[in-house]
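First up is the structure itself, then whatever we jot down about it.
The values are calculated or read from the model by the stated rules, or taken from the named source; none is laboratory data. Predicted model only: the values in this text are computed from it and were never measured. All Cβ positions, glycine included, derive from the backbone under ideal geometry; neighbour counts span all protein chains shown. Remember, those area values only see protein heavy atoms, side chains included, never the ligands or the DNA or RNA. Shrake-Rupley method; radii C 1.70, N 1.55, O 1.52, S 1.80 Å.
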Amino acid sequence: MLDFREISISDKDLIDRCLKVSDFQGCEYSFANNLAWRRLADTVIAFYDDFYISCSFYDGEPCFTFPAGASTDDNQGKQKYIQLFSMLEDYVIKQGHKLVISSVTKNNLTWMSDFYGNRIDIVGNESGYDYIYNSEDLAFFKGRKYHGKRNHVNRFKENKWSFRLMTDKDFDECTHFAAEFYNNLDDADFSAAVEQYALHVFFSNFDRLGLVGGMLFSNDELVGFTIGEPLNSNTFDVHIEKARADVQGAYPTLCSEFIKACGLDFNYINREEDLGLEGLRKSKLSYRPTYLLEKYKVSFK
(Lines give C-alpha, C1' and ligand atoms only; values in the text may rest on other atoms or scores of the structure.)
Protein backbone atom coordinates (compact mmCIF):
# COMPACT_ATOMS: atom_id res chain seq x y z
CA MET A 1 0.00 0.00 0.00
CA LEU A 2 1.44 3.35 -1.04
CA ASP A 3 1.05 6.30 1.31
CA PHE A 4 2.26 9.47 -0.40
CA ARG A 5 2.94 12.55 1.69
CA GLU A 6 5.18 15.60 1.85
CA ILE A 7 8.83 14.99 2.67
CA SER A 8 10.09 15.93 6.12
CA ILE A 9 13.49 16.44 7.73
CA SER A 10 12.68 13.38 9.87
CA ASP A 11 12.84 11.24 6.70
CA LYS A 12 16.54 11.93 6.18
CA ASP A 13 18.07 8.81 7.69
CA LEU A 14 15.78 6.39 5.86
CA ILE A 15 16.07 8.22 2.54
CA ASP A 16 19.85 8.45 2.85
CA ARG A 17 20.03 4.68 3.30
CA CYS A 18 18.06 4.17 0.09
CA LEU A 19 20.19 6.69 -1.79
CA LYS A 20 23.40 5.06 -0.60
CA VAL A 21 22.35 1.65 -1.95
CA SER A 22 21.66 3.00 -5.44
CA ASP A 23 24.62 5.46 -5.39
CA PHE A 24 23.13 7.52 -8.25
CA GLN A 25 24.99 10.59 -9.50
CA GLY A 26 22.03 12.81 -10.44
CA CYS A 27 21.37 15.90 -8.34
CA GLU A 28 17.80 14.71 -7.68
CA TYR A 29 19.30 11.98 -5.47
CA SER A 30 20.19 14.44 -2.73
CA PHE A 31 17.95 14.53 0.33
CA ALA A 32 18.76 18.21 0.79
CA ASN A 33 17.59 19.00 -2.74
CA ASN A 34 14.45 16.89 -2.31
CA LEU A 35 13.53 18.73 0.89
CA ALA A 36 14.39 22.19 -0.38
CA TRP A 37 12.77 22.01 -3.83
CA ARG A 38 9.59 20.11 -2.95
CA ARG A 39 7.38 23.11 -3.72
CA LEU A 40 8.53 23.42 -7.33
CA ALA A 41 6.28 20.59 -8.55
CA ASP A 42 4.20 19.69 -5.48
CA THR A 43 6.42 16.68 -4.84
CA VAL A 44 5.30 13.92 -2.49
CA ILE A 45 7.14 10.79 -1.34
CA ALA A 46 6.44 7.22 -0.27
CA PHE A 47 8.37 4.14 0.82
CA TYR A 48 7.73 0.67 -0.55
CA ASP A 49 9.79 -2.40 0.38
CA ASP A 50 13.42 -1.20 -0.02
CA PHE A 51 12.53 1.79 -2.19
CA TYR A 52 12.29 5.52 -1.74
CA ILE A 53 9.74 6.87 -4.24
CA SER A 54 9.32 10.53 -5.20
CA CYS A 55 6.43 11.76 -7.31
CA SER A 56 6.01 15.24 -8.80
CA PHE A 57 3.07 16.71 -10.69
CA TYR A 58 3.14 18.60 -14.00
CA ASP A 59 -0.21 19.95 -15.20
CA GLY A 60 -1.84 17.50 -12.84
CA GLU A 61 -0.03 14.47 -14.25
CA PRO A 62 2.16 12.39 -11.91
CA CYS A 63 5.80 11.75 -12.78
CA PHE A 64 7.97 9.45 -10.66
CA THR A 65 11.69 10.03 -10.27
CA PHE A 66 13.51 6.75 -10.94
CA PRO A 67 13.31 5.31 -7.41
CA ALA A 68 16.30 4.66 -5.17
CA GLY A 69 16.86 1.66 -2.92
CA ALA A 70 18.34 -1.06 -5.10
CA SER A 71 21.30 -1.48 -7.45
CA THR A 72 20.77 -2.16 -11.14
CA ASP A 73 24.26 -3.61 -11.55
CA ASP A 74 22.83 -7.12 -11.30
CA ASN A 75 19.72 -8.98 -12.39
CA GLN A 76 18.38 -9.24 -8.87
CA GLY A 77 18.24 -5.45 -8.58
CA LYS A 78 16.65 -5.09 -12.01
CA GLN A 79 13.97 -7.61 -11.06
CA LYS A 80 13.17 -5.54 -7.98
CA TYR A 81 12.62 -2.49 -10.20
CA ILE A 82 10.48 -4.47 -12.65
CA GLN A 83 8.24 -5.58 -9.80
CA LEU A 84 8.10 -2.03 -8.43
CA PHE A 85 7.17 -0.54 -11.81
CA SER A 86 4.38 -3.11 -12.19
CA MET A 87 2.96 -2.06 -8.84
CA LEU A 88 3.29 1.66 -9.66
CA GLU A 89 1.62 1.16 -13.03
CA ASP A 90 -1.38 -0.52 -11.39
CA TYR A 91 -1.48 2.31 -8.84
CA VAL A 92 -1.58 5.17 -11.38
CA ILE A 93 -3.90 3.41 -13.85
CA LYS A 94 -6.53 3.14 -11.11
CA GLN A 95 -6.30 6.93 -10.79
CA GLY A 96 -6.70 7.50 -14.52
CA HIS A 97 -3.06 8.16 -15.35
CA LYS A 98 -0.21 6.37 -17.09
CA LEU A 99 3.10 5.51 -15.50
CA VAL A 100 5.86 8.02 -16.26
CA ILE A 101 9.40 7.60 -14.89
CA SER A 102 11.88 10.48 -15.12
CA SER A 103 15.63 10.72 -14.44
CA VAL A 104 16.32 7.47 -16.26
CA THR A 105 20.02 7.40 -17.11
CA LYS A 106 21.53 5.61 -20.11
CA ASN A 107 22.49 2.51 -18.12
CA ASN A 108 18.97 2.02 -16.83
CA LEU A 109 17.46 2.99 -20.16
CA THR A 110 19.32 0.11 -21.83
CA TRP A 111 17.91 -2.68 -19.69
CA MET A 112 14.46 -1.07 -19.55
CA SER A 113 14.37 -0.90 -23.35
CA ASP A 114 15.47 -4.51 -23.60
CA PHE A 115 12.82 -5.69 -21.17
CA TYR A 116 9.83 -3.48 -22.06
CA GLY A 117 10.46 -3.02 -25.79
CA ASN A 118 7.65 -1.11 -27.51
CA ARG A 119 5.68 -0.92 -24.27
CA ILE A 120 7.51 2.31 -23.45
CA ASP A 121 8.10 5.68 -25.10
CA ILE A 122 11.39 7.44 -24.44
CA VAL A 123 11.99 11.19 -24.50
CA GLY A 124 15.26 12.99 -23.71
CA ASN A 125 15.28 15.82 -21.19
CA GLU A 126 18.25 18.00 -22.14
CA SER A 127 17.34 20.81 -19.76
CA GLY A 128 17.63 18.26 -16.94
CA TYR A 129 21.05 16.88 -17.88
CA ASP A 130 23.56 17.34 -15.05
CA TYR A 131 26.93 18.94 -15.79
CA ILE A 132 29.67 16.69 -14.39
CA TYR A 133 33.25 17.95 -14.04
CA ASN A 134 36.58 16.53 -12.98
CA SER A 135 37.21 17.95 -9.51
CA GLU A 136 40.84 18.91 -10.19
CA ASP A 137 39.82 20.76 -13.36
CA LEU A 138 37.53 23.06 -11.38
CA ALA A 139 39.94 23.44 -8.48
CA PHE A 140 42.98 24.50 -10.52
CA PHE A 141 41.83 25.48 -14.05
CA LYS A 142 44.93 23.91 -15.60
CA GLY A 143 45.63 23.70 -19.32
CA ARG A 144 44.83 25.65 -22.45
CA LYS A 145 41.08 25.06 -22.23
CA TYR A 146 40.96 27.01 -18.95
CA HIS A 147 43.14 29.91 -20.10
CA GLY A 148 40.21 32.34 -19.95
CA LYS A 149 39.11 31.20 -16.50
CA ARG A 150 42.64 31.60 -15.13
CA ASN A 151 42.81 35.13 -16.52
CA HIS A 152 39.55 36.05 -14.79
CA VAL A 153 40.73 34.56 -11.50
CA ASN A 154 44.08 36.36 -11.74
CA ARG A 155 42.30 39.65 -12.38
CA PHE A 156 40.06 39.08 -9.35
CA LYS A 157 43.06 38.32 -7.16
CA GLU A 158 44.81 41.57 -8.10
CA ASN A 159 42.67 43.14 -5.37
CA LYS A 160 42.54 42.20 -1.69
CA TRP A 161 40.52 39.03 -1.48
CA SER A 162 39.71 36.12 0.79
CA PHE A 163 37.70 32.92 0.85
CA ARG A 164 36.46 31.08 3.91
CA LEU A 165 34.04 28.34 4.82
CA MET A 166 30.58 29.34 5.95
CA THR A 167 29.35 29.07 9.56
CA ASP A 168 25.90 29.58 11.05
CA LYS A 169 26.91 33.13 11.93
CA ASP A 170 27.04 33.89 8.19
CA PHE A 171 23.52 32.79 7.24
CA ASP A 172 21.93 36.22 7.65
CA GLU A 173 24.59 37.93 5.53
CA CYS A 174 24.22 35.33 2.79
CA THR A 175 20.43 35.58 2.90
CA HIS A 176 20.67 39.35 2.45
CA PHE A 177 23.15 38.89 -0.40
CA ALA A 178 20.81 36.44 -2.11
CA ALA A 179 17.83 38.79 -1.72
CA GLU A 180 19.81 41.55 -3.42
CA PHE A 181 20.81 39.09 -6.14
CA TYR A 182 17.20 38.09 -6.86
CA ASN A 183 15.98 41.69 -6.76
CA ASN A 184 18.47 42.60 -9.48
CA LEU A 185 17.32 39.85 -11.85
CA ASP A 186 15.54 41.12 -14.95
CA ASP A 187 13.69 37.85 -15.53
CA ALA A 188 12.96 36.58 -12.02
CA ASP A 189 10.09 34.09 -12.10
CA PHE A 190 8.44 31.44 -9.94
CA SER A 191 11.59 29.31 -9.98
CA ALA A 192 13.53 32.22 -8.44
CA ALA A 193 10.98 32.43 -5.62
CA VAL A 194 11.23 28.67 -5.08
CA GLU A 195 15.02 28.97 -5.00
CA GLN A 196 14.75 31.55 -2.23
CA TYR A 197 12.63 29.07 -0.29
CA ALA A 198 15.23 26.37 -0.98
CA LEU A 199 17.93 28.62 0.43
CA HIS A 200 15.82 29.15 3.56
CA VAL A 201 15.49 25.36 3.96
CA PHE A 202 19.25 24.91 3.54
CA PHE A 203 20.09 27.50 6.19
CA SER A 204 17.39 26.28 8.60
CA ASN A 205 18.75 22.71 8.52
CA PHE A 206 22.37 23.28 7.48
CA ASP A 207 24.17 20.89 9.82
CA ARG A 208 21.42 18.27 9.83
CA LEU A 209 21.53 18.18 6.03
CA GLY A 210 25.31 17.76 6.02
CA LEU A 211 25.84 20.88 3.93
CA VAL A 212 29.02 22.93 3.57
CA GLY A 213 29.34 26.43 2.21
CA GLY A 214 31.94 28.97 1.17
CA MET A 215 32.08 32.77 1.01
CA LEU A 216 34.20 34.95 -1.25
CA PHE A 217 35.25 38.49 -0.36
CA SER A 218 36.85 41.32 -2.34
CA ASN A 219 38.17 44.31 -0.41
CA ASP A 220 36.37 42.92 2.67
CA GLU A 221 32.99 42.92 0.87
CA LEU A 222 31.00 39.74 0.26
CA VAL A 223 30.86 39.11 -3.49
CA GLY A 224 29.67 35.51 -3.58
CA PHE A 225 28.69 32.42 -1.68
CA THR A 226 28.11 28.77 -2.50
CA ILE A 227 26.61 25.66 -0.87
CA GLY A 228 27.14 21.97 -1.59
CA GLU A 229 27.43 18.47 -0.16
CA PRO A 230 28.78 15.00 -0.95
CA LEU A 231 26.28 13.40 -3.32
CA ASN A 232 27.42 9.80 -3.72
CA SER A 233 30.58 7.72 -3.39
CA ASN A 234 32.53 9.67 -6.02
CA THR A 235 30.70 12.97 -6.56
CA PHE A 236 30.33 16.30 -4.76
CA ASP A 237 27.25 18.36 -5.63
CA VAL A 238 27.17 22.17 -5.80
CA HIS A 239 23.60 23.23 -4.99
CA ILE A 240 23.83 27.01 -4.86
CA GLU A 241 26.36 29.42 -6.37
CA LYS A 242 25.71 33.16 -6.27
CA ALA A 243 28.25 35.85 -7.11
CA ARG A 244 28.42 39.45 -8.24
CA ALA A 245 28.39 39.43 -12.04
CA ASP A 246 29.87 42.94 -12.08
CA VAL A 247 33.00 41.78 -10.22
CA GLN A 248 35.32 40.25 -12.79
CA GLY A 249 36.43 36.76 -11.85
CA ALA A 250 34.13 36.39 -8.84
CA TYR A 251 32.32 33.33 -10.20
CA PRO A 252 35.33 31.25 -11.30
CA THR A 253 37.26 32.19 -8.15
CA LEU A 254 34.34 31.16 -5.94
CA CYS A 255 34.03 27.89 -7.84
CA SER A 256 37.74 27.11 -7.67
CA GLU A 257 38.25 27.95 -4.00
CA PHE A 258 35.17 26.00 -2.92
CA ILE A 259 36.27 22.87 -4.74
CA LYS A 260 39.77 23.19 -3.31
CA ALA A 261 38.28 23.38 0.18
CA CYS A 262 35.52 20.79 -0.08
CA GLY A 263 35.57 18.83 -3.32
CA LEU A 264 39.00 17.33 -3.89
CA ASP A 265 38.20 14.12 -2.01
CA PHE A 266 35.79 13.30 -4.86
CA ASN A 267 36.53 12.43 -8.48
CA TYR A 268 33.64 14.46 -9.86
CA ILE A 269 31.71 17.65 -9.25
CA ASN A 270 28.02 17.86 -10.19
CA ARG A 271 27.02 21.45 -10.91
CA GLU A 272 23.44 20.39 -11.69
CA GLU A 273 21.19 21.29 -14.63
CA ASP A 274 20.84 24.36 -16.82
CA LEU A 275 17.00 24.27 -16.65
CA GLY A 276 16.86 25.09 -20.35
CA LEU A 277 18.15 28.62 -19.72
CA GLU A 278 20.53 29.64 -22.49
CA GLY A 279 22.69 31.89 -20.31
CA LEU A 280 23.07 29.21 -17.65
CA ARG A 281 23.87 26.60 -20.29
CA LYS A 282 26.58 28.81 -21.79
CA SER A 283 28.06 29.41 -18.35
CA LYS A 284 28.14 25.73 -17.39
CA LEU A 285 29.67 24.75 -20.73
CA SER A 286 32.40 27.38 -20.26
CA TYR A 287 33.72 25.35 -17.32
CA ARG A 288 34.27 22.42 -19.72
CA PRO A 289 32.28 19.52 -18.26
CA THR A 290 33.83 16.06 -18.40
CA TYR A 291 30.44 14.79 -19.55
CA LEU A 292 26.74 15.50 -19.28
CA LEU A 293 24.74 13.04 -17.21
CA GLU A 294 21.93 12.34 -19.67
CA LYS A 295 18.46 11.69 -18.33
CA TYR A 296 15.35 10.42 -20.06
CA LYS A 297 11.64 10.25 -19.39
CA VAL A 298 10.03 6.86 -19.92
CA SER A 299 6.26 6.64 -20.44
CA PHE A 300 4.46 3.30 -20.24
CA LYS A 301 1.80 2.72 -22.91
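Numerical summary
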quantity	calculated
Subset of the range 147-162 [out of contact with any Pro (no Cβ under 9 Å at 6 or more places or on another chain) and crowded, with 17+ Cβ neighbours inside 10 Å]	161
Number of positions in the range 129-146 that are surrounded by 18 or more Cβ atoms within 10 Å (Cβ to Cβ) and either farther than 25 Å from residue 236 by Cβ or more than 19 Å from the chain's Cα centre (by Cα) (or both)	4
Count of the range 232-249 residues which are more than 12 Å from residue 181 (Cβ to Cβ) and crowded, with 17+ Cβ neighbours inside 10 Å	9
Top-ranked residue in the range 221-231 [being touching a residue at least 24 places away in the same chain (Cβ under 8 Å) and more than 12 Å from the chain's Cα centre (by Cα); ranked as farthest from residue 177 (Cα to Cα)]	226
Breaking point among (1) of a type outside the set (Gly, Ala, Ser); (2) in contact with a Ser or Thr (Cβ under 6 Å, 6 or more places away or on another chain); (3) under 18 Å from residue 35 (Cβ atoms), for residue 203	(2)
Search result, residues across the range 4-48 that are closer than 22 Å to residue 88 by Cα and at pLDDT below 95	38, 41, 42
Number of the condition not met by residue 194 [criteria: (1) out of contact with any Leu (no Cβ under 6 Å at 6 or more places or on another chain); (2) more than 25 Å from residue 264 (Cβ to Cβ)]	(1)
Residue 131, sole failed condition from (1) of a type in the set (Ser, Thr, Tyr); (2) assigned to a strand (DSSP E or B); (3) under 25 Å from residue 47 (Cβ atoms)	(3)
In the range 257-301, residue farthest from the chain's Cα centre (by Cα) [restricted to those that are polar (S, T, N, Q) and open to solvent by 10 Å² or more (accessible area, probe 1.4 Å)]	299
Members of the range 108-128 found to be surrounded by fewer than 19 Cβ atoms within 10 Å (Cβ to Cβ), part of a helix (DSSP H, G or I) and at pLDDT below 95, listed by number	126, 127
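Per-residue answers, yes or no, for (1) of a type in the set (A, V, I, L, M); (2) modelled with pLDDT of 95 or more; (3) within 21 Å of residue 21 (Cα to Cα):
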| position | (1), (2), (3) |
| --- | --- |
| 63 | no, yes, no |
| 70 | yes, yes, yes |
| 74 | no, no, yes |
| 84 | yes, yes, yes |
| 89 | no, yes, no |
| 103 | no, yes, yes |
